[in-house]
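The structure appears below as structure tokens.
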Amino acid sequence: MNLKRVLAGLLAVTVFAVQPVQDVRAEDENAQLEAEKRASLEIPADTNSLENWPEGPAVYAQSAIVIDMGSGAILYAKKPDERHYPASITKLLTTLVALENGTLADRVTFSQESVDILNWDDASIGMRPGEEISMNDALYAVLLASANEVSYAVAESIGQNYLNGGYDTFIELMNKRAKELGCTGSNWVNSNGLHDENHYTTAYDMALIASAVYQREEFREIMKTLEYRIQPTNLEKEERVFQQNHKMLWDGNDYYYEYCTGGKTGYTDQSMTTLVTMADNGEMQLAAVVLYDYGVDAYTDTRAMMDYVFHNFSKVPVWELDMPGQVKSYTNENAYVVLPKGMNASEMECIVTSEDGTYGKAVYKYQGQTVGSTEVKLKKNIFVKDMDTVESEDGQKNEEEKKKKNLVIAICLTGVGASIILLLIFFSRHRKRKYPA
């Protein structure tokens, strides 16, 4: 009995001794976090340095961007090319690649590997090895519940059924597809965003990916849903119910945003809060990205950035602009650029590129910042003519070199011929003196 009392007393002393240490550590961590947030908030947006550009809001996110999805115009940017861990916003690229290579009617079977990747606190919906669901159900689980084992199974299924490979083949295609979209600062090593030092992206790259997946009707349909139910499966008799995690889609909560039409949340200890949001106010469709943000500050930052764009920018149709000299016509007459309200469009520059000399892309920039782009048809053989000019100039140079070489050869031959004639004359005279007639 006395021993129990002694042990209880020692335990109480230990608890009281440890508690202050834990409280001090927590206070230090909170103070450090607040200092980090303040420092990040003081970093101005890159776009604030543009002349005559509206000043954008200060945000806590270490990296952030807003682009117009229809034109590619960059309207707000804070360290948009800085690399960060994406966490679960990775699943937007997973969804894009899955939709582009499979069908919603596909069956997704869960392997042992798809379940073994989970830690106890990772987001999941409790799938088991051997269980099957449709690709449609799977993508709802990926986007709404952020289920990590389902993301793995989707990648594995597409890899096996359509890519003549498996999970790794799908990851290779994620990287290839990202590069095709114009991503330059990303590297993907998994389909769910679970932390890996070699798995990273940028705000700009994520905005490109968000714009691409938003074009898929299947994605937009999933985003309309706040709660989804997966019916009983071959191994589970109960239905699975889960909800949308993006707070800006839920009417009635403090972070609801009336223009929000989709998005994806993310968090790990290393990435902090990441958030991708799509919005449509009836005039512009925007994609906003914040990386390394701080909890619900991600929603506050996103709203501030989107309100800033909606209030300060407007579309200018390309047909109102001076057409570049090498362009014959725009392939999309609805194309436009996005500029600050009241800005003179003549301050832009247009860069036209082409691979075949017939069709190309016109990118409009303001002080180096992209404000829109569109596909164009070029004037006949304009790029080919430029190449012909180069070839013609090269041909003239070659002809001149050839003439110089021929002249040298002619001079040499003339000299040799003269020498032979002189020798013949010499020997002829010598024979006459030695052998008189």
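Data table
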{"item": "Filter result for the condition that a residue is of a type outside the set (A, V, I, L, M, F, W, C), touching a residue at least 40 places away in the same chain (Cβ under 8 Å) and under 24 Å from Leu208 (Cβ atoms), over Gln367, Gln326", "result": "Gln367"}
{"item": "Unmet requirement for Lys91, which otherwise passes all of (1) under 24 Å from the mean Cα position of the chain (by Cα); (2) surrounded by fewer than 24 Cβ atoms within 10 Å (Cβ to Cβ); (3) within 30 Å of Ala138 (Cβ to Cβ); (4) charged (D, E, K, R)", "result": "(2)"}
{"item": "Enumeration of residues in the range 31-53 that are in a loop (DSSP other than H, G, I, E, B) and crowded, with 18+ Cβ neighbours inside 10 Å", "result": "Ala45, Trp53"}
{"item": "Test: residue in the range 202-213 that is among the polar types (S, T, N, Q), more than 17 Å from Ala123 (Cβ to Cβ) and either modelled with pLDDT of 95 or more or outside any strand (DSSP E or B) (or both)", "result": "yes"}
{"item": "Meets criteria (small (Gly, Ala, Ser), under 30 Å from Glu29 (Cα atoms) and outside any strand (DSSP E or B)) for Ala288", "result": "no"}
{"item": "Residue match in the range 61-71 (condition: among the charged types (D, E, K, R), more than 23 Å from Cys260 (Cα to Cα) and out of contact with any helix residue (DSSP H, G or I) (no Cβ under 7 Å at 6 or more places or on another chain))", "result": "no"}
{"item": "Some residue of the range 296-306 being under 22 Å from the mean Cα position of the chain (by Cα), surrounded by 24 or more Cβ atoms within 10 Å (Cβ to Cβ), at pLDDT 95 or above and farther than 16 Å from Lys247 by Cα", "result": "yes"}
{"item": "Restricting the range 280-295 to residues that are of a type in the set (A, V, I, L, M, F, W, C) and more than 22 Å from Arg83 (Cβ to Cβ), the residue that is surrounded by the most Cβ atoms within 10 Å (Cβ to Cβ)", "result": "Leu286"}
{"item": "Of all residues in the range 358-378 being farther than 24 Å from Ala77 by Cα and under 22 Å from the mean Cα position of the chain (by Cα), the one that is surrounded by the fewest Cβ atoms within 10 Å (Cβ to Cβ)", "result": "Glu375"}
{"item": "Lone qualifier among Glu156, Glu131, Glu180 - being within 30 Å of Lys78 (Cβ to Cβ) and not hydroxyl-bearing (Ser, Thr, Tyr)", "result": "Glu180"}
{"item": "Checklist (1) free of Cβ contacts under 8 Å to residues at least 40 places away in the same chain; (2) surrounded by fewer than 18 Cβ atoms within 10 Å (Cβ to Cβ); (3) closer than 30 Å to Arg38 by Cβ; (4) polar (S, T, N, Q) applied to Thr277, failing item", "result": "(2)"}
{"item": "The lone exception for Asp196 - which of (1) closer than 27 Å to Asp68 by Cβ; (2) surrounded by fewer than 17 Cβ atoms within 10 Å (Cβ to Cβ) it fails", "result": "(1)"}
{"item": "First in the range 120-148 and within 19 Å of Ala105 (Cβ to Cβ), second anywhere and at pLDDT below 95, Cβ under 6 Å, 6 or more apart", "result": "none"}
{"item": "Residue count, the range 300-317 (criterion: acidic (Asp, Glu) and either closer than 16 Å to Lys365 by Cα or part of a strand (DSSP E or B) (or both))", "result": "0"}
{"item": "Residue match in the range 356-370 (condition: of a type outside the set (A, V, I, L, M, F, W, C), farther than 26 Å from Arg220 by Cβ, at pLDDT 95 or above and touching a His at 6+ places or on another chain (Cβ under 9 Å))", "result": "no"}
{"item": "Output for the range 214-239, where each listed residue is in contact with a Lys or Arg (Cβ under 6 Å, 6 or more places away or on another chain) and part of a loop (DSSP other than H, G, I, E, B)", "result": "Leu235, Glu239"}
{"item": "Residue match in the range 111-120 (condition: aliphatic (A, V, I, L, M) and outside any helix (DSSP H, G or I))", "result": "yes"}
{"item": "Qualifying residue in the range 137-160 (condition: surrounded by fewer than 23 Cβ atoms within 10 Å (Cβ to Cβ), among the charged types (D, E, K, R) and within 24 Å of Glu227 (Cβ to Cβ))", "result": "yes"}
{"item": "Residue within the range 184-191 that is within 18 Å of Gln270 (Cβ to Cβ) and hydrophobic (A, V, I, L, M, F, W, C) present", "result": "yes"}
{"item": "The range 127-176 - residue that is of a type in the set (S, T, N, Q) and not in a helix (DSSP H, G or I) and, of those, nearest to Gly266 (Cα to Cα)", "result": "Ser146"}
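The values are calculated or read from the model by the stated rules, or taken from the named source; none is laboratory data. Being a predicted model, the structure only gives us computed values, none of them experimental. For neighbour counting, all protein chains shown are included, and Cβ atoms are generated from backbone atoms with ideal geometry for every residue, glycine included.
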